[in-house]
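Only one structure is covered here, and it is reproduced in the block below.
The values are calculated or read from the model by the stated rules, or taken from the named source; none is laboratory data. Here the structure is a predicted model, which is why all the values come from computation and not from measurement. Please note: Cβ atoms are built from the backbone with ideal geometry, for glycine as well, and neighbour counts cover all protein chains shown. Keep in mind that these areas ignore ligands, DNA and RNA; they rest on the heavy atoms of the full protein, side chains included. Shrake-Rupley method; radii C 1.70, N 1.55, O 1.52, S 1.80 Å.
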Amino acid sequence: MTFQQLWQLRARFARSLSTMYGAEVPAYTTLVDVSAAVNEDFLARHGADAQRLGSIDRVTAERHGAIRVGSPREMAQVARVFAAFGMHPVGFYDLRDASSSSVPVVSTAFRPVEPEELARNPFRVFTSMLAADDPRFFDPVLQQRLQEFFDHRTLFPEELLDLADRAAEHGGLADDDAERLLDLATGAFELSGDPVDHAWYRELEAVSAVAADIGGVPTTHINHLTPRVLDIDDLYARMQALGITMIDEIQGPPRWDGPDVLLRQTSFRALAEDRVFRFEDGTVGPGELRVRFGEVEQRGIALTRAGRDLYDRMVDETDRRLAAGESGGVRVDVARSVWEEHLPRTEQELALQGLAYFTYVLDPDALARAGEDRPGPETELAALVESGVAVPEPIVYEDFLPRSAAGIFRSNLSDEGSRDDARTGTDYDLTVLSDIVGRPVADPHDLYRRQQDASVARLREQLAAAVVAR
Ligand code: OOG
Ligand code: NI
């Protein structure tokens, strides 16, 4: 085989993790099969319109994974591994406060950032780091023991890190090196057969099941791998019909007859998996852990800051009405009425009100129809949209939602864990996380904005040319 570029490595990495995960968690394979059937039927029903938020090839291959690491050192290393696949840190998520349960992690997502790269293969991995220094969860003695545990384990062998650095530096790898990189990287996220120290695991679990999953085991692993569907309600119904119990509700925006925004997700609860334990009396033997689960997602349009503020207000409003006992207490029904009251019903309105990101594309027929009145490059964008000369095409949301993420974590915890809210938590933000990761963590808004601005610049050039040609 010849030289493989980063995107080719990324596509193969996603496939290889998918094969591994399917062998480890058979229910995942069912989920992938049902997702493919849902997408085919959706495509048959909606034709070309079905591909407005991504080509069917992209959507069929699309996955996000989730992994969890323990320390800043491990976070910096995993960033080097992902860089070899053209995946860069985007967004800061603080899940410590996003839920009443004990979820002591801060997170980012590693993903391609350029539109062409996303179109080639959008593989992304939601990556959480244990906030092991947060005194609300861990007392000084436990902090110390966790740190020693993380200092002494190796998640990513030197050979993997070296190969990854070389791939990132040269924009890819050739032949055997590419194969070796893929083997080592896939292996780093495989469930380990090494014995789990039972006493240590249970001690951490009393504080937080998430802490135990991260700090109670000698390696990391893919926690879930999520296919994308074009109709999540259909997927939900089909999975239930197959006898697979899903969590009670679809997280994120409700189903309604306006544009889909951001991200809707649902999952089935973690399944019991055989693991090997070293018990308190020194014996080694089988046991079970329930950690890994299946999740599926449907993606919508990315919202601007103004759109996101509106979204957050709608979520709060839904909470308020639910607390007041409206609509029989069914969240999605309450949310749907809130949506109908506040969110514009068309993409065009979302664009005109500056609530969502779009690329603006010139419609040459509309321009020709304008004849002598054709607009110049100085014409306001809104006027161009209203006259149909500029057609807004949605930019898909490529990121995550902290509240849904916390909800997904929480739905898989059997125990709330403990948190001492009398103490002050450690400060984490995008800047602190960038220092930890060792490279700048991008603000998702900057990326969407850049894509939108580039399309407007292109449009203005075309209009200027059209004016000159007149
Ligand atoms: C990550 C949970 C977040 C999502 O889709 O929001 C996530 C985890 O369980 O480690 O994957
Ligand atoms: Ni997920």
With Rh as the Kirkwood radius over Cα pairs, the range 281-351 has Rg/Rh of 1.29
With +1 at each Lys and Arg Cβ and -1 at each Asp and Glu Cβ, the charge dipole magnitude of the chain around its Cα centre, to the nearest 20 debye, comes out at 400
Computed on Cα atoms, Rg of the range 94-134 relative to 2.2 N^0.38 Å comes out at 1.55
Given 256-266, 312-322, the highest-first ranking by average Cβ count within 10 Å works out to 256-266, 312-322
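Which shape class applies to the range 32-181: rounded if a/c is under 1.5, otherwise prolate when a/b exceeds b/c and oblate if not, where a ≥ b ≥ c are the square roots of the Cα gyration tensor eigenvalues?
oblate
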So the pair-distance distribution of the chain, from every Cα-Cα distance in 10 Å bins, comes to percents of 4, 18, 28, 26, 15, 6, 2, 0, 0
With +1 at each Lys and Arg Cβ and -1 at each Asp and Glu Cβ, the charge dipole magnitude of the range 1-145 around its Cα centre, to the nearest 20 debye, comes out at 320
With Cα coordinates, the longest principal axis of the chain makes an angle with the long axis of helix 198-207, in degrees rounded to 10, of 50
Convex hull around the C-alpha positions of the range 1-111: the volume in Å³ per residue is 175
Projected onto their principal axes, the Cα atoms of the range 245-315 stretch, largest extent first, over whole-Å spans of 58, 25, 16
The distance between the Cα centres of the range 204-235 and the range 347-397, in whole Å, is 42
Distribution output for the range 303-344: share of Cα-Cα pairs per 5 Å bin in percent, first bin at 0, values 6, 26, 31, 21, 10, 5, 1
The alpha-carbon center of the range 420-436 and that of the range 295-319 are separated, in whole Å, by 24
So the angle from the long Cα axis of helix 444-469 to the longest Cα principal axis of the chain, reported in degrees to the nearest 10, equals 20
Per the range 165-241, sqrt(5λ) over the Cα gyration tensor eigenvalues, sorted largest first, in Å, gives 30, 27, 11
Relative to the compact-globule estimate 2.2 N^0.38 Å (N residues), the Cα gyration radius of the range 397-470 stands at a ratio of 1.95
Expected unfolding gain across D33-W256 under the 0.36 nm per residue rule, minus the alpha-carbon gap, is 77.7 nm
Percent of all alpha-carbon pairs of the range 313-470 at distances over 23 Å, whole number, is 62
Both in Å, the radius of gyration and Dmax of the C-alpha trace of the range 99-179 are 17.9, 49
Whole-Å distance linking the alpha carbon centroid of the range 1-74 with that of the range 106-139 is 17
Expressed per residue, the solvent accessible area of the range 76-156 in Å² (1.4 Å probe) is about 31
Taking Cα atoms, the helix 232-241 axis meets the longest principal axis of the chain at an angle in degrees (rounded to 10) of 40
With all protein chains present, the range 303-344 has a carbon and sulfur share of its accessible area (1.4 Å probe) in percent of 46
Distance in nm between A119 and Q240 label points, each 7 Å along Cα→Cβ, equals 3.8
Contour minus Cα-Cα span, E416 to R45, at 0.36 nm per residue, comes to 129.3 nm
Heavy-atom accessible area per residue of the range 303-344, all protein chains kept, 1.4 Å probe, expressed in Å², is 51
Quick calc of log₁₀ I(q)/I(0), the range 151-304, Debye, one scatterer on every Cα, no solvent, q values 0.09, 0.13, 0.14, 0.19 1/Å, result -0.47, -0.88, -0.96, -1.11
